Every structure is written in structure tokens, then in C-alpha cells.
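Q: Have a look at this one before I ask anything.
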2 protein chains.
Amino acid sequence: MACRVELLSIGNELLLGNTVNTNASWIATRVTKLGGAVTRITTVGDNLKDISGVITQVLKRKPDFLITTGGIGPTFDDMTLNAVAKALHVSVRVDHDALEMIRKHYAARFPGRDIKITKARLKMARLPLIGKPVPNPKGTAPGVVMRKGRTTIVCLPGVPREAKAIFNTSLAKMIRASAQGMEFFEKWIDVKGIMESTLSPFIDKVMRKYPGVYVKSHPRGIERGIPHIQLHFSTTALRKKLAKRKLKNAVEDFLSLLPERSEVSTRLLR
Amino acid sequence: MACRVELLSIGNELLLGNTVNTNASWIATRVTKLGGAVTRITTVGDNLKDISGVITQVLKRKPDFLITTGGIGPTFDDMTLNAVAKALHVSVRVDHDALEMIRKHYAARFPGRDIKITKARLKMARLPLIGKPVPNPKGTAPGVVMRKGRTTIVCLPGVPREAKAIFNTSLAKMIRASAQGMEFFEKWIDVKGIMESTLSPFIDKVMRKYPGVYVKSHPRGIERGIPHIQLHFSTTALRKKLAKRKLKNAVEDFLSLLPERSEVSTRLLR
């Protein structure tokens, strides 16, 4: 059983369309490479009821991880930690380790200046009772980790460089461990001169022959009447050598099925 | 009451992180500008149960629109229309208008060639019983529109240029009509030299003074120790003149609250 991960992206800017959700795709790529599988991504606005409602729903599906991004900063609409607390039926309280991380951050950034712990700054240290802070190497608000049933909940900031830094320093190893040696393998091929609807039965055939190999077609447009499709072959498996051979054979079988016509060209990308 | 819109993005490539969900941000931007409000975005893989499960949940929230992207093409893993049918408890059947659109598309693209309606191509004409096809000006698979209760469900292709074309030709006017004259207004300002945690109480103050105006801070990084924040002021309202004045006053009030220090600079962006 793969390590299942759900993502929850929080922020009105995502719903207004002002921000493209690159956090979700970055985290999904990293989780995949670590041997895990992202099973769902939900985006909601800065709304306590919506956020806590989604968390309650996610926990019912019992993923191994729920990773949230956004809503842990100092402004009024940063309400992720309150929403987690609400969903878990626990209170929030100032965590002294979190406060220490915040103090240290200001002291390092403004040496010699006395940065007061205002209400807005104290907010970033208010964690759900069962939450533990993890250091943010690139910003003020610490990440927060807690456990509910089989699910580890991890709250990351919305600022991409901060989310990435905490993911890499604190979260990657937890996901790797949970994946228990599962690894992701992939190959991309480029096909020009054949329509997706013509490729479709060949994809079916290869997937029936190689269980566990997933083939996805990505139409990339039509140039001067020539359709361009990229095909992604992937599998997640424990045994590297076997998986790689299986993928290689699947790609070769697939290519052998294509009609030999002058306008058809194929290229193995990586 | 604003026109509420939910988005459902479908495709394993989104969960693997291979594709950034630019469809969602593009549609969200368009919906916002048309006077509607995107309230949630859900992303699931090519999985019948997951897709239909989300649709069932969305319908319980009774949005005005549910816009899906992806999963209406010719391959085995294109299962959005079956999932909609499952969620609505209706059957799927070949729709003759949809089939005609598909035939016309091939005839226009390959004049003089006899493109057979294979099983894979016929698949794109199999719509839920209550679904109506809408023309796809940039590709083969027609969009599909149907109604359940107060919710209009619209299924768009995952290929961005096709999704955009159908949105613009068939969907935009429906959303505009549903928004009943509501319009979105916004202003962006750039603030350098003040931390987000320092700005936070000023944001609170302005939002209390101007109900309906929403202020969101976007930290853009720190250059040579100087924090850079962009602030987004927005409101959705029926009366253009009033809304614009309110936004203008809110921005001016906000700027007047900022400390006058040599390192602080502000700039109205647009």
C-alpha cells in the first residue's frame, strides 16, 4: 500500500485566480519522487468553516499525510491553525518552542533591534494543543506537525520558498520513511503525426499487458496539421530493476504498435 | 448573493505534479472578472469513484456552477462524463448532436479523408442523458452542459486552449447573467520596508472601517533585508462608482496609517 497524501491549499488569492497553485504541483512532484501518492488536492479560501470542514472530510479518508499550505502567518485571515484545532476538537495555546523560534528569527534578522512580540507576531506561535512546531529556515512562521489517527497533519506557510524549505528539512524524510522503499519510475515519449484518438487503443493494449504501468497521453497541440502528443509511462514499485525493465518493455511494445507512415515520428525524451 | 462557482480539476498528471493547474487559475480569474466567486477547487485523479464522489459532495453545497476540466477525451482514463452520469443517477448514451460536432471537426481538419468513427472517437459523444454538447472551437471533444437542481454543471476538456475557447464562447455569458450585474473591483499596492506582521493591525483597521472591502497581503520576499509586500484591495459590488470610491478611500486610509520612515516606500500598482 502506497503512502497516500492529500494536499489542502488555503488562500483567497487562489480562488480569485491571482496566484497559480505552484505549491501544490511542487509538493506533488516531490511526494511522487519520494515514493508517495497524492490522491487529492483541495483549495479553499480563508474561511474557518471551509478549512475545518475539509480537514474533517480528509481525515475520514485516512491518508498517511495531510499537507496544508497557507494561512499560518500574522494577518487576520491566517486561520489554518484555528481550523485544524476546530476539526480535531482541541484548543489552541501559545507554544513556547514556537515562540522561541519566532524570537530567534527576529533576533537573527534584525540584530541589535528589539522586535516586540506584538499580538500579530504571537499569533504565529498559537498552535493546536497537540501540534509541534518545526523550524522555518526561510521565514518567521514555524511549520506545525501533529497526528490524528493514522494521519500526520503538516501545516506549511503559503510563501513558496518557505513551504519548500520546511518540506525539504522536516517533511521529506517522514514521507520517504512512510513510503517504505516504494519508488517512482517514469519515461516520456514524444509522438508526432498521430491523433490521440488513434493512439487510444494502443495505450489500452499496453496497459493490459503491463499491469502496474500507467500510460497518460498529454496532447501538446497541432502544428501545421501535425498533432503532437507526449506520453508518460510510469510505475511505482519496490524493485528498481524489475520496474525499469517493465517500463522499457512497455515503451518498446507501444512504439512497435504505431503505424509506419512518413508523417509519424517518435522520440524518447527521458 | 454572488454567483458561486466550484471547480473540479481531473487528471492524474495534476496529482503527479507533472502539470501545474493553470486551468483552475485561468478560470478563477475569468469567473472573478465576470462578477462570480469561486468558492472551492478540488483536484482528483482519473478515478470514477473519486470524481463522482466529489460531484455528489459539490451538489450538496448547491453552487450556481460546477465547472470540471479534464477527462472528456478519447482515452480509457477519460471518465468524467461517466462519473457525472453516476453522480446524477442517469445513463450515458450517444448524443447525435455531439457526434455531428465530432464528425464536422474531423471533416474540417482532414478534408477529403475518411476519418472513421472508431470506438475511441465515439466515446467523446457519449454524454449523460441530460447533457447537451457545446461546440469546441479548438479541438475534438465537445463541452457538455447539464443542470441538476440550482447547479449548472459544465464539463470542459483539460487541454488549456480548448477549455478557454469553450469557456469564452459558451460559458462566460452564462456566468455573467448569473452574476446579475455584480462586478469585481481591485487595486494593488506595493509596500517595501515594513514586515507583514507590522502591517497586520493596519489591515484589520481598514477592513473594519470598509465592510465589503477585502485586503490580502502577499509577501514577495526580502531583498537586502528590506521586506517587500504586495497588498490586494478588492470588492464585489453592484454599484461601480460607489465601489471604486470605497476602494480608493480604503487604500488612502491604509497608506496614511503607515509609519513615515526613510526605508518605507509605497507605490500604487494598478
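Q: Do any residues in the stretch A:112-125 that are within 10 Å of another protein chain (Cβ to nearest Cβ) have Cβ atoms under 7 Å from those of residues that are among the aliphatic types (A, V, I, L, M) and in a loop (DSSP other than H, G, I, E, B), where the two are at least six apart or on different chains, and which pairs are they?
A: A:MET124/A:ILE72; A:MET124/A:ALA141
Q: Also, quick follow-up: Among the numbered criteria (1) within 29 Å of the chain's Cα centre (by Cα); (2) over 19 Å from A:PHE76 (Cβ atoms); (3) of a type outside the set (S, T, N, Q); (4) within 14 Å of another protein chain (Cβ to nearest Cβ), which single criterion is violated by B:ILE226?
A: Exception for B:ILE226: condition (1).
Q: Could you go through the stretch B:85-107 and let me know if any residue there is free of Cβ contacts under 8 Å to residues at least 60 places away in the same chain, within 19 Å of A:THR198 (Cβ to Cβ) and polar (S, T, N, Q).
A: No, the stretch B:85-107 has no match at all.
Q: Do we find a residue being among the hydroxyl-bearing types (Ser, Thr, Tyr), within 16 Å of B:LEU66 (Cα to Cα) and surrounded by fewer than 21 Cβ atoms within 10 Å (Cβ to Cβ) anywhere in the stretch B:98-116?
A: In the first step, residues of the stretch B:98-116 are kept if they are among the hydroxyl-bearing types (Ser, Thr, Tyr); the result is B:106.
Right, trim to within 16 Å of B:LEU66 (Cα to Cα) and you get none.
No, the stretch B:98-116 contains no residue that is among the hydroxyl-bearing types (Ser, Thr, Tyr), within 16 Å of B:LEU66 (Cα to Cα) and surrounded by fewer than 21 Cβ atoms within 10 Å (Cβ to Cβ).
Q: So, in the stretch B:1-34, exactly how many residues are surrounded by fewer than 23 Cβ atoms within 10 Å (Cβ to Cβ) and under 25 Å from A:SER234 (Cα atoms)?
A: 7
Q: Report, by residue number, each residue of the stretch B:84-108 that is of a type in the set (A, V, I, L, M) and assigned to a helix (DSSP H, G or I). Don't jump to the end; show me each part of the working.
A: Kept after step one, since they are of a type in the set (A, V, I, L, M), are these residues of the stretch B:84-108: B:84-85, B:87-88, B:90, B:92, B:94, B:98-99, B:101-102, B:107-108.
Matches in the stretch B:84-108: B:VAL84, B:ALA85, B:ALA87, B:LEU88, B:ALA98, B:LEU99, B:MET101, B:ILE102, B:ALA107, B:ALA108.
Q: Let me ask something else about it. Does the stretch A:174-181 contain at least one residue that is hydrophobic (A, V, I, L, M, F, W, C), within 12 Å of chain B (Cβ to nearest Cβ) and touching a residue at least 60 places away in the same chain (Cβ under 8 Å)? Don't jump to the end; show me each part of the working.
A: Here is the first cut: in the stretch A:174-181, the ones hydrophobic (A, V, I, L, M, F, W, C) are A:174-175, A:177, A:179.
Those still in the list that are within 12 Å of chain B (Cβ to nearest Cβ) too: none.
Scanning the stretch A:174-181 turns up no residue that is hydrophobic (A, V, I, L, M, F, W, C), within 12 Å of chain B (Cβ to nearest Cβ) and touching a residue at least 60 places away in the same chain (Cβ under 8 Å).
Q: Given the residues B:VAL251, B:VAL264, which is the only one that is touching a Phe, Trp or Tyr at 6+ places or on another chain (Cβ under 7 Å), touching a residue at least 60 places away in the same chain (Cβ under 8 Å) and closer than 28 Å to A:ALA141 by Cβ? It would help to see each step written out before you state the result.
A: Values: B:VAL264 fails: touching a Phe, Trp or Tyr at 6+ places or on another chain (Cβ under 7 Å).
Testing whether each residue is touching a Phe, Trp or Tyr at 6+ places or on another chain (Cβ under 7 Å), touching a residue at least 60 places away in the same chain (Cβ under 8 Å) and closer than 28 Å to A:ALA141 by Cβ leaves just B:VAL251.
Q: Does the stretch B:75-84 contain at least one residue that is within 12 Å of another protein chain (Cβ to nearest Cβ), under 24 Å from the mean Cα position of the chain (by Cα) and closer than 27 Å to A:GLN230 by Cβ? Reasoning before the result, please.
A: To start, the set of residues in the stretch B:75-84 that are within 12 Å of another protein chain (Cβ to nearest Cβ) comprises B:75-78.
Remaining after also requiring under 24 Å from the mean Cα position of the chain (by Cα): B:77-78.
Those left that are additionally closer than 27 Å to A:GLN230 by Cβ: B:77-78.
Yes, the stretch B:75-84 contains a residue that is within 12 Å of another protein chain (Cβ to nearest Cβ), under 24 Å from the mean Cα position of the chain (by Cα) and closer than 27 Å to A:GLN230 by Cβ.
Q: Now, a different point. Could you go through the stretch B:59-67 and let me know if any residue there is touching a strand residue (DSSP E or B) at 6+ places or on another chain (Cβ under 9 Å) and in a helix (DSSP H, G or I).
A: Applying the first criterion (touching a strand residue (DSSP E or B) at 6+ places or on another chain (Cβ under 9 Å)) to the stretch B:59-67 yields B:59, B:61-67.
Pick out the ones that are also in a helix (DSSP H, G or I) and you get B:59.
Looking through the stretch B:59-67, at least one residue is touching a strand residue (DSSP E or B) at 6+ places or on another chain (Cβ under 9 Å) and in a helix (DSSP H, G or I).
Q: Of these, A:LYS164, A:LYS173, which one is of a type outside the set (Gly, Ala, Ser), under 30 Å from A:ILE72 (Cα atoms) and touching a helix residue (DSSP H, G or I) at 6+ places or on another chain (Cβ under 8 Å)? Talk me through it step by step, then tell me what you get.
A: Working: A:LYS173 fails: touching a helix residue (DSSP H, G or I) at 6+ places or on another chain (Cβ under 8 Å).
After applying the criteria, what remains is A:LYS164.
Q: Which of the residues spanning the stretch B:54-74 are more than 7 Å from every other protein chain (Cβ to nearest Cβ) and either more than 22 Å from B:ARG4 (Cβ to Cβ) or of a type in the set (Gly, Ala, Ser) (or both)?
A: Matches in the stretch B:54-74: B:GLY70, B:GLY71, B:ILE72.
Q: Can I ask one more? Filtering the stretch B:35-51 down to residues that are among the polar types (S, T, N, Q) and over 23 Å from B:PHE185 (Cβ atoms), which residue is surrounded by the most Cβ atoms within 10 Å (Cβ to Cβ)? Even if it seems obvious, please write down each step before you answer.
A: Taking the stretch B:35-51 and keeping what is among the polar types (S, T, N, Q), we get B:39, B:42-43, B:47.
Okay, now just the ones that are also over 23 Å from B:PHE185 (Cβ atoms), so B:42-43, B:47.
On the way: B:THR42: 24, B:THR43: 28, B:ASN47: 18.
The extreme case among them is B:THR43.
Q: So in the stretch B:208-240, with the set limited to residues that are in contact with a strand residue (DSSP E or B) (Cβ under 7 Å, 6 or more places away or on another chain) and among the charged types (D, E, K, R), which one is nearest to B:ILE194 (Cα to Cα)?
A: Per the criteria, the residue is B:ARG220.
Q: Identify all residues within the stretch A:169-191 that are in contact with a strand residue (DSSP E or B) (Cβ under 9 Å, 6 or more places away or on another chain) and more than 26 Å from A:ASN136 (Cα to Cα); write none if there are none.
A: Result: A:GLN180, A:MET182, A:GLU183, A:PHE184, A:PHE185, A:GLU186, A:LYS187, A:TRP188, A:ILE189, A:ASP190, A:VAL191.
Q: Could I ask something else about it? Which residues, counting only those in the stretch B:186-215, are within 12 Å of chain A (Cβ to nearest Cβ) and over 23 Å from A:LYS116 (Cα atoms)?
A: Matches in the stretch B:186-215: B:GLU186, B:TRP188, B:MET207, B:ARG208, B:TYR214, B:VAL215.
Q: Hey, among A:ILE51, A:ILE41, A:ILE27, which residue is touching a residue at least 40 places away in the same chain (Cβ under 8 Å) and either at the interface with chain B (Cβ under 10 Å from one of its Cβ atoms) or part of a strand (DSSP E or B) (or both)? Steps first, answer last, please.
A: Values: A:ILE51 fails: either at the interface with chain B (Cβ under 10 Å from one of its Cβ atoms) or part of a strand (DSSP E or B) (or both); A:ILE41 fails: touching a residue at least 40 places away in the same chain (Cβ under 8 Å).
Answer to the selection: A:ILE27.
Here is a yes/no grid of residues against (1) crowded, with 20+ Cβ neighbours inside 10 Å; (2) touching a Leu at 6+ places or on another chain (Cβ under 6 Å); (3) under 23 Å from A:GLU100 (Cβ atoms):
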{"residue": "A:ASN136", "(1), (2), (3)": "yes, no, yes"}
{"residue": "A:VAL154", "(1), (2), (3)": "yes, yes, yes"}
{"residue": "A:ILE166", "(1), (2), (3)": "yes, yes, yes"}
{"residue": "A:THR169", "(1), (2), (3)": "no, no, yes"}
{"residue": "A:ALA177", "(1), (2), (3)": "no, no, no"}
{"residue": "A:GLY181", "(1), (2), (3)": "no, yes, no"}
{"residue": "A:GLY193", "(1), (2), (3)": "no, no, no"}
{"residue": "A:LEU199", "(1), (2), (3)": "yes, no, no"}
{"residue": "A:LYS209", "(1), (2), (3)": "no, no, no"}
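Q: When the stretch B:1-22 is examined, which residues are found to be more than 9 Å from chain A (Cβ to nearest Cβ) and free of Cβ contacts under 8 Å to residues at least 12 places away in the same chain?
A: B:MET1
Q: Could you tell me which numbered condition A:ASP77 fails, if it satisfies all but one of (1) in contact with an Asp or Glu (Cβ under 6 Å, 6 or more places away or on another chain); (2) in a helix (DSSP H, G or I)?
A: So A:ASP77 meets the others, but not (2).
Q: Among the residues of the stretch A:182-223, count how many are touching a residue at least 60 places away in the same chain (Cβ under 8 Å) and within 27 Å of the chain's Cα centre (by Cα).
A: Within the stretch A:182-223, residues that are touching a residue at least 60 places away in the same chain (Cβ under 8 Å) and within 27 Å of the chain's Cα centre (by Cα) number 9.
Q: Can you tell me which condition A:ILE130 does not meet? The list is (1) in contact with a His (Cβ under 8 Å, 6 or more places away or on another chain); (2) closer than 25 Å to A:ILE55 by Cα, and all the others hold.
A: (1)
Q: So is B:VAL154 more than 9 Å from chain A (Cβ to nearest Cβ), over 18 Å from B:CYS3 (Cα atoms), at pLDDT 95 or above and not in a loop (DSSP other than H, G, I, E, B) or not?
A: no
The values are calculated or read from the model by the stated rules, or taken from the named source; none is laboratory data. Note that the coordinates shown come from a computational prediction; the quantities given were computed from them, not determined experimentally. Every residue, glycine among them, receives a Cβ derived from its backbone with ideal geometry; neighbour counts consider all protein chains shown.
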